[in-house]
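What follows is a short report on a single structure.
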Amino acid sequence: MVNWQVTAATIYCGAVDNEVTIMVYKDGSVKCVGHREYAGPEIQKQMKKKSLRLKKELRCTGPDCELVTGYRDKVLREESEQAESAGL
């Protein structure tokens with residue numbers, strides 16, 4: 001049984017060229033704060049300008065991106081390994 005409610009980490013996201021906070025909940029659901037932040041129309045204009053300046057496309061790919069799901073899987077795998085070693 002999982003003995004935590006939520007865990008979070010701030011990780012660099014190359015898709016938006018900035019750090020984002022990823023939260024994993026005990027039920028396995030996951031949320032990227034950056035997804036909500038980078039979805040608005042005003043920030044999209046800024047991202048387009050930054051993309052041109054950096055000469056690479058910057059675009060949030062949504063809550064199912066590899067960064068988010070990878071972090072979730074890592075947290076859940078570590079929890080599972082700890083439970084196994086504790087004999088649960």
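Tabulated results
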| quantity | calculated |
| --- | --- |
| The stretch 27-49: number of residues that are touching a residue at least 12 places away in the same chain (Cβ under 8 Å) and loosely packed, with under 15 Cβ neighbours inside 10 Å | 4 |
| Filter result (in a strand (DSSP E or B) and either free of Cβ contacts under 8 Å to residues at least 40 places away in the same chain or of a type in the set (D, E, K, R) (or both)) within the stretch 1-19 | Val6, Ala8, Thr10, Tyr12, Asn18, Glu19 |
| Single condition Pro63 does not satisfy, out of (1) touching a His at 6+ places or on another chain (Cβ under 6 Å); (2) in a helix (DSSP H, G or I) | (2) |
| Check on Glu19, of a type outside the set (Phe, Trp, Tyr), exposed (fewer than 13 other Cβ atoms within 10 Å of the Cβ) and in contact with a strand residue (DSSP E or B) (Cβ under 8 Å, 6 or more places away or on another chain) | yes |
| Members of the stretch 74-85 that are closer than 14 Å to Trp4 by Cβ and either assigned to a loop (DSSP other than H, G, I, E, B) or not small (Gly, Ala, Ser) (or both) | Val75, Leu76, Glu78, Glu79, Gln82 |
| Residue within the stretch 66-82 that is exposed (fewer than 14 other Cβ atoms within 10 Å of the Cβ) and on the phi > 0 side of the Ramachandran plot present | no |
| The stretch 39-58: number of residues that are part of a loop (DSSP other than H, G, I, E, B) and either among the small types (Gly, Ala, Ser) or under 14 Å from Tyr12 (Cα atoms) (or both) | 3 |
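Every read-out reported here was derived from the displayed coordinates using simple, explicitly stated rules and does not represent laboratory data. Please read these numbers as outputs of a predicted model, since none were measured by experiment. No Cβ is skipped: glycine too gets one built from the backbone with ideal geometry, and neighbour counts run over all protein chains shown.
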